[in-house]
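The values are calculated or read from the model by the stated rules, or taken from the named source; none is laboratory data. Just so you know, these numbers come straight off a predicted model, no measurement behind them. As a convention, Cβ positions derive from the backbone with ideal geometry for all residues, glycine included, and neighbour counts pool all protein chains shown. Calculation scope for accessible area: heavy atoms of the full protein, side chains included, ligands and nucleic acids excluded. Shrake-Rupley method; radii C 1.70, N 1.55, O 1.52, S 1.80 Å.
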Amino acid sequence: MEIKALFRLGWRVTQIAREYSLSRTTVYKELAAPVPRVYGPRNRPTALNEAQLVHIERRLTICPSIRGTDLHVELRHEFGYGGSYPAFQRQLRLLRPAVVRDPEIRFETDPGVQTQADWAVMGPLPLGDQLVELSAMVAILGCSRAPAVRFAADRTRPTSLERLTWCLHDLGGVTREILTDRDPVFCIGQTSDGAAILAPEWVDLARLLGVVPKACRPYRAKTKGKVERIIREVKESFLGWLSGQVLPHHPTLADYDAFARRWIERVVLARRHRTTKRIVGEAWAAEQVLLRQIPERVLVSAGNAVIVPLLARPVDPRLRLLGEHVQQRGLDEYELAR
C-alpha cells in the first residue's frame, strides 16, 4: 500500500526500491498486482512427519533425559529422516527446551598415560526377578576417550577392584597411571598435609598391574572431568538407548555388560569427539598400541574371575586361630628332656 501511494505521489521505481531496500523487479510486481501479494507455504524437507513426532513424544515420555543425538540416529535408521542434526535440534527445542550448561575445561594427556575411573549409580534396574539398585564402574582413556562399563550390585572394595580390572581389560590394557576420586574404596584417609592414603588392596592391585594409582583432590570433581562426562552420558544416553532395547525376562549383570559394550561400539566409538576432533574408535585403535597388557596372574579367563591381591584375600579362620592361640606346655616336659 505504501509503495502504490508513493508511486501515485510521483516517486520513481528506483527511488521506491532504494527506500525499502528492494529490487526494482519486486516493486514492479507490487505495482502490477491488484491485491497485496503473499508468500505461499514453504517446502520444509527437514520437517518431522506425524510418525516421527509420535516416536519422539513416546521416547521423551519413557526417558525425558534422552539425548538429542540419540533421537536423531533413531529417526535416521528407523524412520528414514534425512535432515541434519542442527535442523532436527531446532524442532526438538520446541518439544523439550535445551538446558544451558557452563563450558567445561579439560586437561589433555598423551596416549597411554592416564585412565580415569569412578562409580556411576544407575538406580533401580531389573536384575533376575526383582528390582536392584545397580551401579556401573566406568573407566575412560584420557587421550582417545574410549570408555568401558561394567555393572555391579554393590560397591564394596573387592567388587570395585574386580570390576575396574575388567574395565581395563575391555580397554585393551593399562596406562601409566589411573586417576580416581577419594572414594573409601580407593582411599582410607589423608595425611596432615591433605595427601591421600590409598587402600592397601588398591596399592597391591596397582603394583600387580604395573600402574601408578592417583587420587584427585577432595571436592574437585572436574579434575577427573573426562570420566564425569562419560558417567553423565551413561546415565542419560545409555539408559535412554537401553529403554529402546529388548531385555531378557530375567536380566543378569552379564546382560547389562553386553548391552553396555554394544552401546559403546554403536554410539560412542562411531562418533567424532568435540574436543579432540577425532573419531573415538580410530583414536582408541591408535592408543591401544601403547597400553600394557594385564598379567595373566591377575586376570583369569576361566569363570571371569580376578585374582584378588594378597591383602584383599579373606583369611582362613583356622590359620587365624593358629596364630592367636599359644600352646601351653608344662615345665616337667623340659626337665625330662634334659
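How much length is gained if the chain between Ser84 and Lys4 is pulled fully straight, taking 0.36 nm per residue apart and subtracting their Cα-Cα distance, in nm to one decimal?
Working: separation 80, 0.36 × 80 = 28.80 nm, distance 4.25 nm.
Roughly 24.5 nm would be gained on extension.
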What would the Debye formula give as log10 I(q)/I(0) at q = 0.17, 0.18 Å⁻¹ for the alpha-carbon point model of segment 1-118, no solvent?
-0.87, -0.91
Summed over the other residues with a beta carbon less than 15 angstrom from that of Leu209, with K and R at +1 and D and E at -1, the charge totals 0
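Tell me, what is the Rg over Rh of segment 112-216, with Rh the Kirkwood radius over Cα pairs? If you can, show how the numbers build up before the last one.
Working: Rg = 14.2 Å, Rh = 14.3 Å.
Value, to two decimals: 0.99.
Just to make sure I understand: if all protein chains stay in place, what is the order of Val289, Val212, Val13 by accessible area at 1.4 Å, largest first?
Values: Val289 120, Val212 75, Val13 15 Å².
I get Val289, Val212, Val13, largest accessible area first.
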Roughly how many Å² of Trp11 are accessible to a 1.4 Å probe, to the nearest 10?
90 Å²
Once phi is turned into θ = phi - 60°, what whole-Hz ³J(HN,Hα) does the Karplus curve with 6.51, -1.76 and 1.60 give for every residue of segment 242-254, x standing for Gly and Pro?
5, 5, x, 9, 9, 7, x, 5, 10, x, 10, 5, 5
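For Glu133 and Gln245, what is the calculated FRET efficiency with R₀ set at 25 Å and r taken between the beta-carbons, to the nearest 0.05?
Working: r = 21 Å, r/R0 = 0.82.
Efficiency computed from Cβ-Cβ geometry: 0.75.
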Would you kindly state how much longer the chain becomes between Ala195 and Tyr28 on full extension, computed as 0.36 nm times their sequence separation minus their alpha carbon distance, in nm to one decimal?
52.1 nm
Can you tell me which lysines have their Cα less than 16 Å from the Cα of Lys277? Leave out same-chain residues fewer than eight positions away.
Lys226
If ligands, DNA and RNA are left out, what is the accessible area of Tyr28 with a 1.4 Å probe, given in Å² to the nearest 10?
120 Å²
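Provide the per residue accessible area, probe 1.4 Å, for segment 253-300, rounded to a whole number of square angstrom. Could you put the intermediate results ahead of the total?
Working: 2900 Å² over 48 residues.
Heavy-atom accessible area per residue stands at 60 Å².
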What is the local net charge at Ala195, summed over the other residues whose Cβ is closer than 13 Å to its Cβ (Lys, Arg +1; Asp, Glu -1)?
+2
Over the Cα atoms of segment 131-170, each weighted equally, I'd like the Debye log10 I(q)/I(0) at q = 0.24, 0.34 Å⁻¹, rounded to two decimals.
-0.75, -1.12
Keeping every protein chain in place, order Val149, Val121, Val35 by accessible area at 1.4 Å, biggest value first, i.e. largest first.
Val35, Val121, Val149
Checking the cross-link filter: which aspartates and glutamates have an alpha carbon closer than 19 Å to that of Lys4, excluding same-chain neighbours under 8 positions apart?
Glu19, Glu30
Let's test this: bin the Cα-Cα distances of segment 239-290 at 10 Å from zero up to the farthest pair and state each bin's percent.
22, 40, 26, 11, 0
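Could you compute the net charge surrounding Pro251? Neighbours are other residues with a C-beta less than 11 Å from the C-beta of Pro251; K and R count +1, D and E count -1.
Working: positive: none; negative: Asp129, Asp255, Asp257.
With Lys, Arg at +1 and Asp, Glu at -1, the neighbours total -3.
For the full complex of protein chains and a 1.4 angstrom probe, list Asp257, Asp181 by accessible area with the highest value first. Write out the running numbers ahead of the final one.
On the way: Asp257 10, Asp181 35 Å².
From most exposed to least exposed: Asp181, Asp257.
What is the mean projected area of the alpha carbon convex hull for segment 52-163, to one decimal in square nanometres? Before the final figure, lay out the partial values.
Working: hull surface 41.9 nm².
Mean shadow area of the hull around the Cα atoms is 10.5 nm².
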Calculate the spin-label point distance for Arg155 paired with Gln15, positioning each point 7 Å from the Cα along the beta-carbon direction, and give it in nanometres.
7.8 nm
Looking only at aspartates and glutamates whose Cα falls under 14 Å of Lys224's and that sit 8 or more positions away or on another chain, we get Glu104, Glu108, Asp118, Glu177, Asp181, Asp183
For segment 135-186 and segment 229-301, what is the centre-to-centre distance using only Cα atoms, to the nearest Å?
12 Å
